[in-house]
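Take a look at the structure below.
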Amino acid sequence: MAFESLTEKLQNVFKSLKSKGRLTEADVKTALKEVKLALLEADVNFKVVKQFIRSVEERAVGQDVMNGLNPGQMVIKIVNEEMINLMGSETCELEFQPGKAITVIMMCGLQGAGKTTTAAKIAGKLKLKGKKCLLVGCDIYRPAAIKQLEINASKQEVDMFSMGDSHKASDIAAAAMAHAEKNGHNIVIIDTAGRLQIDDDMMKELTDIKERVNVHQTLLVVDAMTGQEAVNVADTFNKKVGIDGVILSKMDGDARGGAALSIKAVTDKPIIYVGMGEKLSDLEQFHPDRMANRILGMGDVLTLIEKAQENLDIDEDRDKETLRKLKKGKFDFEDYLESMNQMKKMGGLSSILGMMPGMGMGGLKAGDIESQIDDKKLSRVEAIILSMTKEERHDPSLLNPSRKHRIAKGAGVDIAEVNRFIKQFEQSKKMMKQLPGMMGGFGGKKGRFKLPF
Amino acid sequence: MEENLINEEINEEEITEEEVKEEEIKEEDIKEEKKGGFFRRLVKGLTKTRDSIVGGFEDLFTASEIDEDFYDEIEEILIMSDAGMEASEEIIEELKERVKQRHVKKTDECRELLKEVMTESLMKNPPDYPYEEKRSVILVVGVNGAGKTTTVGKLALKLKDQGKKTMIVAADTFRAAAVEQLNVWADRAGVDFIKCNEGQDPASVVYDAMQAAKARNTDAVICDTAGRLHNKKNLMNELEKITRIINREHPDAYVETLLVLDGATGQNAISQAREFLNASKVTGVVITKLDGTAKGGIAFAIQNSLSIPVKYIGVGEAIDDLQKFDAKDFVDALFDKSTEEEDVNA
């Protein structure tokens, strides 16, 4: 489970702070020492960690503990805010040239970072946005790299341009531009060979391409599992070639992705996409705040709370309604569907459960949750709810055998599964009743799990 | 072969003036040195690694008093090499212990002690190479982009040069053009090649390969597998199945499972090693791409937390850039030149 031990670590630290009445300098220091270790274990670069700890310490020591927060929560709040500061607070998009002008994107990175796969993924993504993409194979060194790009291009049903491996990369790129103009492509994605950032000749190959072709977006692909090296790699690529954005690949692994923080800190370039799987569709938008939260470990819970708080400000009534529903367990299928969709957006139910304070630590092990919930099941559940009428969704008590039968037919599942789901739903409702208790910050009385805000 | 030559040329050119000078000096030393080829390559490959680790260490061993700051700085350098918190702390503790035992007072006397401790921590599980003696199947596993296919190619040449009848099996049926890539390596190494179709069940490819190996009386079968993230349950199950089939279909063969780790990987390497160990009994680790600035400190982390020996390191893209791991050389190469010379002459 991603970030699990980091979560546990931070939770232990902040638990030790919870009992104390005020935030003292010593408190902050002890807490931050543990935060430091945890971040190092997450592969955040040592120097970045040091700097980060310093800035948090400066902010935290001497600051008043806000009303309604205990010292531990206060430290978390500051750590969290500084993490988000570091990661940048906005989600970035690729920038395109106006009108019909061709936007040129160049991929670069170390060997095995995932450039070729990512290039094809981007092409597929932009194709969905109505762009006409041309993939260009400039990796003339690795055996079969061009073939790989060619196969991926045909899978994505986008055009591909290559000239074999006996031409210079910059020549191929230039020829590709002519080809693109002739054939009306408005996006050109140049895939380059993997290279070490200290290999000056290979780095020159990239600058050569940039001299020959007007590259609008140079994207550095970095393996999310990269350790302390991430800083050197990103910094050197940025200095020697100049990068405009970063793509973090293999984020579907269990690496904690500390590299993201390091890269952002040294280059100040946005991370645009994250690679979330081997399928060519698995490329997602990067959310800096979410990532920061994820590295911190209490991430998605913080997000949930933040959202709840924001909502509270904007639409107090509606939110009170949600809270009331949650508290009283008056929670219908419509809400269930809604929360399911939200959870899906945040990376699945299991990852959220795993990140909830207490859940990760308590009896429920991440693996257990994972085995109970798989994505296929979730989509069947979705189908079941969608097969209900509005009335049924609001009032589960309406569900008699005949209605259930119809729902089962509509969802294409066995009636037993419908029954099982309804039973499970009742159980979830009970669980939801406990949730307000966990939201100690606003409303719950004596929550077992206090939240940071 | 042509591509190989191009790579060589590029490698040659990339050496900066400074390095050339170093190279000359080294070359002289190494001429009298039997293991020269390896050491030179390692030193060359690890030059950047060395620069960054030693760059830090050099300032440390000034004849000042040993204090907590000194240890903190060593720890910092170790962590910066991806050795990880735990392994770094263990090394420091051991160093402190020995400093006390041997009544060392000044930091400059610590250098050899630290090298000693670092070497020993890498030698907890010394590497062995049974497949050089026995009829074997070597399964190469790892996450995506670690360098498995390249390692397979390099290893095939190594074994073939030892006079073994070697066969490469392409069981990466998932990634586009993986088979073609491996085919190029098989041609370069000049060994037998069993291929599959994209999308074919890799286990069935391995099954066929085992029959072929028995029929052709092959000494060493090297199976390349698709890159898989270690937290993907179904892919790890697939690996288990492949392992099962090898054991069942070729029971006389010694089975070696090599886990390939990217030298730039951080602490996630431990998680990788653990999961791959579970799925297919990993018997050795290969750390690749150590010709960059990556320090390969995960070697320490792996040794510290799991009992798998590091067997090879990859220090370049050329076909003979796969080297047997030698803890002493590895640590020596991380330290400065004067020390190396002493060691080489000793």
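The local environment of A:I189, defined by Cβ-Cβ distances under 13 Å, has a net charge of +3 under the rule Lys, Arg +1 and Asp, Glu -1.
With the simple model of a label 7 Å out from the Cα in the direction of the Cβ, B:E86 to A:Q51 spans 3.0 nm.
For the range A:79-235, the relative contact order comes to 35 percent (Cα pairs under 8 Å, sequence separation of at least 6).
One Cα centroid belongs to the range A:27-52, the other to the range B:125-175; the line between them spans 40 Å.
Remark: accessible surface ordering of A:M106, A:M163 (largest first) is A:M163, A:M106, probe radius 1.4 Å. Placing dummy labels 7 Å off each Cα toward the beta-carbon, the span from A:D268 to B:E97 is 4.7 nm. Local charge for A:M203 was computed over the other residues whose Cβ lies under 9 Å away, with Lys and Arg +1 and Asp and Glu -1, and equals -1. Assuming charge only on the beta carbon of Lys and Arg (+1) and of Asp and Glu (-1), the dipole of the range A:103-298 about its Cα centre is about 480 debye to the nearest 20. Summarising the amide proton neighbourhood of B:L139: residues at separation of 5 or more, or on other chains, whose placed amide H is nearer than 5 Å comprise B:C223, B:E256, B:T257, B:L258. Legend: mean number of C-beta atoms from other chains within 10 angstrom of residue C-beta atoms, peptide A:228-239, equals 4.
Please compute the volume of the convex hull spanned by the alpha-carbon atoms of the range A:103-298 and report it per residue in Å³.
106 Å³
Output the pairs from A:K168/B:K311; A:K250/B:K96; A:K115/A:K240 with a Cα-Cα distance over 29 Å in this structure; if there are none, say none.
A:K168/B:K311; A:K250/B:K96
For the residue pairs A:K129/A:K376; A:K132/A:K204; A:K239/B:K328; B:K124/B:K195, the alpha carbons lie more than 31 Å apart in A:K239/B:K328; B:K124/B:K195.
Based on the Cβ-Cβ distance of B:A318 and A:D201, what FRET efficiency does E = 1/(1 + (r/R0)^6) give at R0 = 22 Å, to the nearest 0.05? Approximately 0.90, to the nearest 0.05. Note on the range B:215-346: along the principal axes its Cα atoms extend 52, 36, 26 Å, ordered by decreasing extent.
Look at where the Cα atoms of the range A:87-114 and of the range A:175-222 average out, and the two centres are 12 Å apart.
The values are calculated or read from the model by the stated rules, or taken from the named source; none is laboratory data. Since we're looking at a predicted model, the values are computed, not measured. When we count neighbours, we look across all protein chains shown, and the Cβ atoms used for this are built from the backbone with ideal geometry, even at glycine. Side chains included, ligands, DNA and RNA excluded: accessible areas come from the protein's heavy atoms. Shrake-Rupley method; radii C 1.70, N 1.55, O 1.52, S 1.80 Å.
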